[in-house]
């Protein structure tokens with residue numbers, strides 16, 4: 001079964017954020033009847049990112065914090081599926097302020113699930129975290145059945161929330177899909193290592209400070225590939241059923257390699273790399289991540305954008321927004 | 001390494017409850033310097049269960065709800081290890097009131113962990129749930145690395161809380177052990193299928209209503225065996241480290257068998273069993289549970305009390321408290 005877009009209304013939490021805004025675009029392109037966007041604009045974002053959709057009457061924006069959601073909130077009325085992408089997204093903040101991170105990323109999710117249960121909203125697509133939920137597996141390539149042993153609170157929160165997707169699906173006949181993805185990058189992103197490197201290199205094109213020893217090994221996925229993966233994974237939505245998918249490129253990339261790609265895409269030369277040292281970029285940083293994605297690959301999804309091309313597209317976007325004075 | 005009891009103070013949450021009160025006894029027997037008991041007495045329990053220890057100056061009772069715990073609460077001062085046994089214990093209530101269950105069993109645990117982090121309390125022993133965290137595994141025997149897919153909110157809550165034991169251990173140098181046990185029974189218990197059967201058979205010794213079809217297959221562990229398992233498992237406590245243990249008998253027992261054991265122990269005959277029907281006793285009831293306990297078995301623990309003997313001990317206790325007018 002796959003979702004009937006044309007006759008239904010949808011909710012996107014965090015719809016003014018980087019990934020969430022692409023989810024809204026996706027739903028509108030799919031012909032969704034209507035999209036309600038819930039966002040507290042906490043990340044300095046703005047509903048202007050959705051202005052065209054708002055002007056076209058496809059999207060309604062509601063400024064609301066997910067921690068304030070109540071079971072009978074009117075926004076859930078007649079909603080067919082919630083795309084839950086609102087989150088406190090920073091691992092370092094989750095480490096410094098564990099209770100705050102918990103309240104947004106777990107309590108907020110439970111509040112949404114409880115409203116769905118109360119108003120019989122059938123489906124949820126959830127943004128989890130393949131990069132942090134499994135914890136440190138070393139050379140072990142984690143598949144969806146690998147045990148979850150998060151080493152930071154962001155990963156704990158995403159894993160904790162997923163436990164409730166599992167129980168709510170069974171108990172209240174919801175259908176839920178969890179997308180366990182890693183680092184997502186591309187236009188509109190104002191977060192993550194590439195964005196940080198861009199700003200550091202703008203400030204000083206001769207020297208780049210790299211957190212850790214540069215050897216941390218992760219996966220990076222271009223935003224359009226994530227949206228395609230979501231489209232494929234959400235075809236498994238069915239009532240009473242919970243399903244999780246690892247979503248990642250097959251290749252891993254070191255932070256050093258990201259640094260080189262950024263330098264090249266920005267047209268710089270002879271940049272000196274300076275390392276803060278240690279094998280983690282920050283407390284709770286997972287040193288090495290590799291995900292087994294054979295489950296979603298078997299459904300026909302593979303990423304299309306190589307990292308060299310993706311970085312170039314992203315850097316071009318960052319340069320352009322900077323020139324337009326819209327850089328944050 | 002194992003815990004130094006004599007020179008240290010300990011905290012037991014839920015210490016006035018069934019299992020918690022045995023944990024307090026255990027700590028006092030081990031020679032603990034002092035034990036702080038945190039309990040909200042929500043289950044109709046009383047600190048009188050600890051009266052001897054209180055009179056002996058070994059135990060201080062603080063009436064407090066774990067949902068109200070703040071990072072700098074004075075009860076955590078100088079505590080060496082928290083034995084966290086306070087919980088909303090009922091699966092049916094967790095299904096009917098998911099947010100309430102979440103706030104006690106997850107939020108409460110995070111609040112305790114956050115206070116431990118703030119005041120550098122090194123160790124936690126956590127009461128998790130081998131019977132509900134794994135969800136429905138059918139004939140698969142779950143070991144500690146089996147993926148968690150809870151089908152009720154009680155199991156989701158215990159699994160969610162465990163994710164934070166994992167992250168907090170790594171991030172803040174705590175040492176945590178999670179005890180994944182199933183049904184625990186024995187004197188002082190006022191919860192669970194045996195207690196229900198006892199009361200039903202007292203009210204009507206000729207007929208016993210059984211929830212479901214009686215074929216649900218679970219494990220039942222006598223309270224003293226659990227305390228011994230806790231003693232063994234807690235020897236793995238070390239800073240920066242999280243460890244989970246399945247704790248269970250090797251044999252499983254059907255609800256029908258429990259009914260027969262209760263009838264025999266109560267000295268009844270010709271009791272007619274009446275089934276409410278269906279393969280679950282209640283929504284979210286896990287039909288079949290079998291745990292692989294080889295991890296803790298390898299450390300030298302095996303259960304000592306056969307179920308026939310345990311049921312008899314428990315029934316004798318229930319009869320006695322009833323005669324003393326102390327049955328609840």
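Since every read-out is calculated from the coordinates, none of them should be taken as a lab result. Everything quoted here is computed from the prediction, not taken from an experiment. Don't worry about glycine lacking a Cβ; one is built from the backbone with ideal geometry, like all the others, and counts go over all protein chains shown.
Structural remarks
- Global form of segment B:248-322, assessed from the alpha-carbon gyration tensor, a/c cut-off 1.5: oblate
- Evaluated at q = 0.13, 0.16, 0.17 Å⁻¹: base-10 log I(q)/I(0), Debye formula over Cα of segment B:84-213: -0.63, -0.88, -0.97
- Entry note, segment A:116-206: relative contact order of 36 percent, from Cα contacts under 8 Å with a spacing of 6+ residues.
- Taking chain A and dividing mean pair separation by its residue count, relative contact order in percent (alpha carbons under 8 Å, at least six apart): 18
- Expressed per residue, the C-alpha convex hull volume of chain B stands at 122 Å³.
- Between the Cα long axis of helix B:108-119 and the first principal axis of chain B there is an angle of about 20°, rounded to the nearest 10.
- For segment B:104-261, the antiparallel share of DSSP beta bridges with both residues in that region comes to about 10%.
- Remark: label point of residue B:137 defined 7 Å out from Cα along the Cα-Cβ vector; separations to the same position in other copies 1.8 nm, ascending.
- Chain A: angle of helix A:193-203 to the longest principal axis, Cα-based, in degrees nearest 10: 50
- Taking the number of Cβ atoms within 10 Å of each Cβ as an exposure proxy, the fewest-first ranking of A:232, B:24 is A:232, B:24.
- Ranking of A:282, A:301 by neighbouring Cβ atoms within 10 Å, starting from the fewest: A:282, A:301.
- Residue by residue along A:106-113, Cβ atoms of other protein chains within 10 Å of the local Cβ number 4 on average.
- Average beta-carbon neighbours from other chains, 10 Å sphere, peptide A:97-103: 4
- q = 0.07, 0.12 Å⁻¹: log10 I(q)/I(0) that the Debye formula gives for the protein assembly as shown, counting C-alpha atoms only: -0.49, -1.26
- Here each label is just a point 7 Å from Cα along the line to Cβ, and for residue A:99 and residue B:196 those points are 3.7 nm apart.
- Restricted to Cα atoms, segment A:1-126 shows a radius of gyration and a Dmax of 14.1, 44 angstrom.
- Among beta bridges that DSSP assigns inside the protein assembly as shown, antiparallel share in %, nearest 5: 5
- Three-way shape call for segment A:176-257 based on the alpha-carbon gyration tensor, with the a/c threshold at 1.5: prolate
- Each listed q (0.12, 0.15 Å⁻¹) maps to a log10 I(q)/I(0) for segment A:130-269, found by the Debye formula over equal Cα scatterers with no solvent: -0.59, -0.85.
- At an R0 of 30 angstrom, the distance between the Cβ atoms of residue A:320 and residue A:78 translates into a FRET efficiency of 0.20.
- Starting from the label point of residue A:275 at 7 Å along Cα→Cβ, the same points in the other copies fall at 6.6 nm, in ascending order.
- Residue-averaged [θ]222 nm for chain A, counting only DSSP H segments that reach four residues, each worth -39500 (n - 2.57): -10500 deg cm²/dmol
- Position residue B:320, label points 7 Å along Cα→Cβ, spacing to each other copy in nm (shortest first, one decimal): 8.1
- Fraction of antiparallel bridges per DSSP, chain B only, in percent to nearest 5: 5
- Neighbouring Cβ atoms from other chains, within 10 Å of the Cβ of residues in B:150-158, number 6 on average.
- Most mobile listed residue (B:15, B:192, B:281) in chain B, GNM with C-alpha springs under 10 Å: B:192
- Gaussian network model of chain A, springs between alpha carbon atoms under 10 Å - residue of A:267, A:108, A:186 with greatest fluctuation: A:267
- On Cα atoms only, tilt of B:153-172 relative to the major axis of chain B in degrees: 20
- Our estimate of slack between residue B:137 and residue B:209, defined as 0.36 nm per intervening residue step minus the Cα-Cα distance, is 23.2 nm.
- Computed from the C-beta positions of residue A:260 and residue B:304, the FRET efficiency with R₀ = 60 Å rounds to 0.45.
- Ordering B:252, B:109, A:249, A:118 by the number of other Cβ atoms within 10 Å of each residue's own Cβ, fewest first, gives A:118, B:252, A:249, B:109.
- For the B-to-A rotation axis, chain B residue with nearest beta carbon and its distance in angstrom: B:160, 2
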